[in-house]
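Asks: Okay, handing you the structure first.
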Amino acid sequence: MARIEQKPGKVSFGQAVSDFFKGYVDFKGRTTRAGFWWALLMYLLVHISFLIIFLIFLFSSNASSIASNNVEQFFLNTMLGTGLLGLIYMLFVLGTILPMLTLTVRRYRDAGMTGSGIVLLLIAGYLLPRGGNGNTIISLVSYALMVFEFILAVLPTDTLFARSTDNDVKKFFLRVKP
């Protein structure tokens, strides 16, 4: 584990991906906007790659089985190929849960939130169902939370802060700047 302390304007795609995996348990460092979005781009590209490989494998292995009119071979190819690829994909997703969480925490810290504010925000995000399940108030709160999380992800470094004279609620959520 390495402590990730990114500086604005200094993070390349390669550095962001490296920091994503090196700082897989670093909740105390900072991740800049560029570091956050580059890492998310890498994560998205891996997901899209898995999908493309899955579809290519599914259609190519099944085309020959269908052409030869061999139904048993069709199901065998489908189950083995997609099952193995699905297992690899599942391992990737499980292996990146913690790095994604730490990346998000470091990004929110970089924007100016405190650790306790981030914990409360993440708990609320996981407890509230996305979309609200038909309850209008819960839906509005859930959507507002999603918008707030997106805004936190796009804010520049040290944008949010509280002053020592501010109220305790603000100081609970935001880092105090003297």
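The values are calculated or read from the model by the stated rules, or taken from the named source; none is laboratory data. Treat the numbers as computed from the prediction; the structure is a model and nothing was measured. Because the Cβ atoms are built from the backbone with ideal geometry, glycine has one as well, and the counts that use them run over all protein chains shown.
Asks: Within the stretch 149-170, track down each residue that is loosely packed, with under 12 Cβ neighbours inside 10 Å and within 17 Å of residue 105 (Cβ to Cβ).
Replies: Selection gives 150 alone.
Asks: Suppose the filter is assigned to a helix (DSSP H, G or I), surrounded by 13 or more Cβ atoms within 10 Å (Cβ to Cβ) and either modelled with pLDDT under 90 or within 14 Å of the chain's Cα centre (by Cα) (or both); does residue 40 pass it? Even if it seems obvious, please write down each step before you answer.
Replies: Numbers: assigned to a helix (DSSP H, G or I): yes; surrounded by 13 or more Cβ atoms within 10 Å (Cβ to Cβ): yes; either modelled with pLDDT under 90 or within 14 Å of the chain's Cα centre (by Cα) (or both): yes.
Considered against the rule, which asks whether it is assigned to a helix (DSSP H, G or I), surrounded by 13 or more Cβ atoms within 10 Å (Cβ to Cβ) and either modelled with pLDDT under 90 or within 14 Å of the chain's Cα centre (by Cα) (or both), residue 40 comes out as yes.
Asks: Could you check how many residues of the stretch 98-149 are over 27 Å from residue 177 (Cα atoms) and at pLDDT 90 or above?
Replies: Within the stretch 98-149, residues that are over 27 Å from residue 177 (Cα atoms) and at pLDDT 90 or above number 3.
Asks: Among 81, 95, 134, 125, which is the only one that is free of Cβ contacts under 8 Å to residues at least 60 places away in the same chain, under 30 Å from residue 57 (Cβ atoms) and surrounded by fewer than 16 Cβ atoms within 10 Å (Cβ to Cβ)?
Replies: After applying the criteria, what remains is 95.
Asks: Condition check: among the β-branched types (Val, Ile, Thr) and either in the same structural domain as residue 21 (by TED's automatic domain parsing) or touching a Pro at 6+ places or on another chain (Cβ under 6 Å) (or both). Does residue 157 satisfy that? Steps first, please.
Replies: Working: among the β-branched types (Val, Ile, Thr): yes; either in the same structural domain as residue 21 (by TED's automatic domain parsing) or touching a Pro at 6+ places or on another chain (Cβ under 6 Å) (or both): yes.
So residue 157 fits the description; yes.
Asks: Can you say whether residue 24 is at pLDDT below 90, hydroxyl-bearing (Ser, Thr, Tyr), closer than 14 Å to residue 99 by Cα and surrounded by 16 or more Cβ atoms within 10 Å (Cβ to Cβ), as far as the supplied structure shows?
Replies: Numbers: at pLDDT below 90: yes; hydroxyl-bearing (Ser, Thr, Tyr): yes; closer than 14 Å to residue 99 by Cα: yes; surrounded by 16 or more Cβ atoms within 10 Å (Cβ to Cβ): yes.
Criteria met by residue 24.
Asks: Tell me yes or no: at least one residue of the stretch 104-121 is crowded, with 18+ Cβ neighbours inside 10 Å, at positive phi and in contact with a strand residue (DSSP E or B) (Cβ under 9 Å, 6 or more places away or on another chain).
Replies: Checked the stretch 104-121: at least one residue is crowded, with 18+ Cβ neighbours inside 10 Å, at positive phi and in contact with a strand residue (DSSP E or B) (Cβ under 9 Å, 6 or more places away or on another chain).
Asks: Same structure, new question: So which residues in the stretch 120-173 are more than 18 Å from residue 101 (Cα to Cα) and touching an Asp or Glu at 6+ places or on another chain (Cβ under 7 Å)?
Replies: 157
Asks: I would also like to ask the following. Return the pair list, or none, for Cβ contacts closer than 9 Å from residues in the stretch 144-157 that are touching a residue at least 60 places away in the same chain (Cβ under 8 Å) to residues that are of a type in the set (S, T, N, Q), at least 6 apart or on different chains.
Replies: Pairs found: 153/104; 156/32; 157/6; 157/32.
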